[in-house]
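Participant: Could you have a look at this structure, given as structure tokens, before my questions?
The values are calculated or read from the model by the stated rules, or taken from the named source; none is laboratory data. Computed from a prediction, not measured in an experiment: that's the story for all the values here. Positions of Cβ are generated from backbone atoms using ideal geometry, with glycine treated the same way; all protein chains shown enter the neighbour counts.
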Amino acid sequence: MPTEEASKPVVIVGAGVSGLALGNFLLREGIDCVVLERRDRDHVERRQRAGVIDTRATRAFRKRGLEDRIVGGSPVQAGLGFRVDGQDRWLDLVADEHREGRFCPQQVLVRNLITVFEQEGGDLRFGTEVTVEDGERPRVRLGDGAIIEGDFIAGCDGSHGATRAAIPEGRITRHSHEFGYAWLVVLTDAPPTRQTLMAIHSRGFAAAFARGPEASRFYLQCPLGDTVADWPDERIWSELETRFCEPIATKGTIVEKGLVPLRSEVLSPMSHGGIHLLGDAAHIVPPSSAKGMNLALHDADVFAEALVRYYEKDDRSLLDAYSDTRLRDVWNYQAFATWFTDTVHDAGDPGCRGEFRHRVARADLARLFTSDTANRLLSEFIAGLN
Ligand SMILES: Cc1cc2nc3c(=O)[nH]c(=O)nc-3n(C[C@H](O)[C@H](O)[C@H](O)COP(=O)(O)OP(=O)(O)OC[C@H]3O[C@@H](n4cnc5c(N)ncnc54)[C@H](O)[C@@H]3O)c2cc1C
């Protein structure tokens with residue numbers, strides 16, 4: 001029999017945005033949990049990825065009294081900047097009531113979530129890689145063989161994590177889509193010239209995003225077969241300047257580069273017995289849609305509410321509905337992410353998917369700047385409220 005310390009109501013695997021947000025949401029409601037993370041604290045706090053928290057996620061922090069401590073001071077996202085064939089095109093997000101999204105780099109969000117969780121007395125263990133075991137009461141096994149049982153295991157451990165691997169074959173279906181190209185992902189130590197800028201150009205898509213006062217992310221569409229060795233620093237700067245049709249004012253030093261094949265994935269259902277999947281463990285969207293981190297936060301919001309209902313009222317209805325509730329949203333966002341990704345890439349290089357797709361994408365893009373209806377739909381998806 002496990003000892004008393006080796007049992008927690010909720011065991012959260014992974015201290016990324018979904019695991020840490022869930023941990024904080026549960027602590028606010030007095031539900032005991034443990035967060036187990038395989039990497040060390042420094043690695044987790046420095047990991048640079050996303051940069052925008054949408055309106056729906058901001059509201060999830062607000063309704064629990066956490067907005068100021070988690071996203072306070074982050075600037076509001078009011079629109080999207082494009083450079084189409086070298087011409088600046090600013091897309092003001094029309095839905096005023098939805099303008100609560102914030103520019104908040106993922107590493108800042110994660111650091112704040114860790115700080116608040118620990119200040120509130122949360123149990124967070126770094127350097128703790130686990131395997132997950134299915135059963136009447138699911139459990140995790142730590143590296144030293146110790147076991148922690150839970151009423152529930154929250155699999156917040158990303159697409160290569162241990163939780164999805166614990167679900168028996170045949171219980172979950174994996175739906176996936178490859179876009180057929182990759183992004184070269186570049187991190188520099190210089191401040192950005194502008195918050196968000198997406199270049200549509202015949203040589204391919206490019207983007208520049210702010211990631212805090214001392215970091216910028218640049219992205220370049222490239223063929224799937226490319227390797228990092230194909231992209232020496234000089235080639236990166238030259239290609240960015242070609243696609244943006246302007247010099248990059250603050251280049252800085254390139255501190256990281258890698259290749260990310262653009263792909264989407266959904267695991268269905270997102271629950272199996274007492275095991276529930278959140279964030280990238282359950283679904284991947286291409287980074288072009290800026291929705292991965294937000295979907296992870298929306299999962300944490302919905303799952304926390306389901307657990308509160310269960311522990312306070314002995315009512316399982318929201319838990320039983322968790323997977324269906326989230327999959328409705330997730331597929332809606334996959335639809336948006338696929339359309340947006342196709343549009344900004346097809347509108348650039350006609351050689352990518354042909355002249356017909358290119359012209360359709362150009363028409364779609366133009367409509368965003370001329371039609372309030374098209375703009376409103378995009379604004380609502382960006383806000384996470386569609
Ligand atoms: C280059 C890039 C750019 C992106 N840009 C954006 C963007 O602009 N906007 C956006 O919304 N999203 C973006 N994303 C996606 C976003 O970063 C992810 O969707 C988000 O991090 C998912 O959060 P998560 O909590 O599900 O997983 P993660 O943040 O990946 O956290 C999972 C955690 O689980 C831990 N773990 C794994 N296995 C185990 C184990 N066995 N035991 C213990 N711990 C384990 C991992 O170490 C990790 O810390 C981007 C992603 C990339 C790669």
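Participant: Considering GLU169, GLU118, which residue is among the acidic types (Asp, Glu) and over 19 Å from ALA15 (Cβ atoms)?
Facilitator: GLU169
Participant: How many residues are surrounded by 17 or more Cβ atoms within 10 Å (Cβ to Cβ), out of contact with any helix residue (DSSP H, G or I) (no Cβ under 7 Å at 6 or more places or on another chain) and free of Cβ contacts under 8 Å to residues at least 60 places away in the same chain when one looks only at the stretch 74-126?
Facilitator: 1
Participant: Name the residue, out of ASP329, ASP314, ASP324, ASP320, that is at pLDDT 95 or above, within 16 Å of the ligand (Cβ to nearest atom) and either aromatic (Phe, Trp, Tyr) or surrounded by fewer than 24 Cβ atoms within 10 Å (Cβ to Cβ) (or both).
Facilitator: ASP329
Participant: Conditions: (1) without any contact (Cβ under 8 Å) to a residue 24 or more places away in the chain; (2) under 22 Å from VAL17 (Cα atoms); (3) of a type in the set (D, E, K, R); (4) touching a strand residue (DSSP E or B) at 6+ places or on another chain (Cβ under 9 Å). ARG362 meets all but one. Number of the miss?
Facilitator: Exception for ARG362: condition (2).
Participant: Right, something else. If the requirement is being in a helix (DSSP H, G or I), away from the ligand (no atom under 12 Å from the Cβ) and surrounded by fewer than 20 Cβ atoms within 10 Å (Cβ to Cβ), which of these qualifies: ALA363, ALA304?
Facilitator: That would be ALA363, the only listed residue that is in a helix (DSSP H, G or I), away from the ligand (no atom under 12 Å from the Cβ) and surrounded by fewer than 20 Cβ atoms within 10 Å (Cβ to Cβ).
Participant: Separate question: If we only count helices (runs of 4 or more DSSP H) wholly inside the stretch 1-102, which ones have 1 or more residues that are within 16 Å of the ligand (Cβ to nearest atom), at pLDDT below 95 and of a type in the set (Ser, Thr, Tyr)?
Facilitator: Counting at least 1 such residues, we get 55-62.
Participant: Applying the selection to the stretch 286-302, what residues are under 8 Å from the mean Cα position of the chain (by Cα) and over 10 Å from ASP54 (Cβ atoms)?
Facilitator: Correct list: PRO287, GLY292, ALA296.
Participant: What do you reckon, is GLY161 in the same structural domain as SER289 (by TED's automatic domain parsing), under 20 Å from ARG263 (Cα atoms), surrounded by 14 or more Cβ atoms within 10 Å (Cβ to Cβ) and not β-branched (Val, Ile, Thr)?
Facilitator: In short, yes.
Participant: Here's something else I'd like to know. Residues to consider are THR343, THR370; find the one that is at pLDDT below 95 and among the polar types (S, T, N, Q).
Facilitator: THR370
Participant: Let me ask you something else. Taking the options PRO247, PRO261, name whichever one is over 17 Å from the mean Cα position of the chain (by Cα) and either outside the structural domain of VAL132 (by TED's automatic domain parsing) or of a type outside the set (S, T, N, Q) (or both).
Facilitator: PRO247
Participant: Which residues, counting only those in the stretch 52-73, are closer than 19 Å to ARG211 by Cβ and either surrounded by 20 or more Cβ atoms within 10 Å (Cβ to Cβ) or touching a helix residue (DSSP H, G or I) at 6+ places or on another chain (Cβ under 6 Å) (or both)?
Facilitator: VAL52, ILE53, ASP54, ALA57, THR58, ILE70, VAL71
Participant: Within the stretch 297-318, count every residue that is more than 22 Å from ARG59 (Cβ to Cβ) and without any contact (Cβ under 8 Å) to a residue 40 or more places away in the chain.
Facilitator: Within the stretch 297-318, residues that are more than 22 Å from ARG59 (Cβ to Cβ) and without any contact (Cβ under 8 Å) to a residue 40 or more places away in the chain number 6.
Participant: So which residues in the stretch 366-386 are part of a helix (DSSP H, G or I), of a type outside the set (A, V, I, L, M) and in contact (Cβ under 8 Å) with a residue 12 or more places away in the chain, if there are any at all?
Facilitator: Selection gives PHE369, ASP372, ASN375, ARG376, SER379, GLU380, PHE381.
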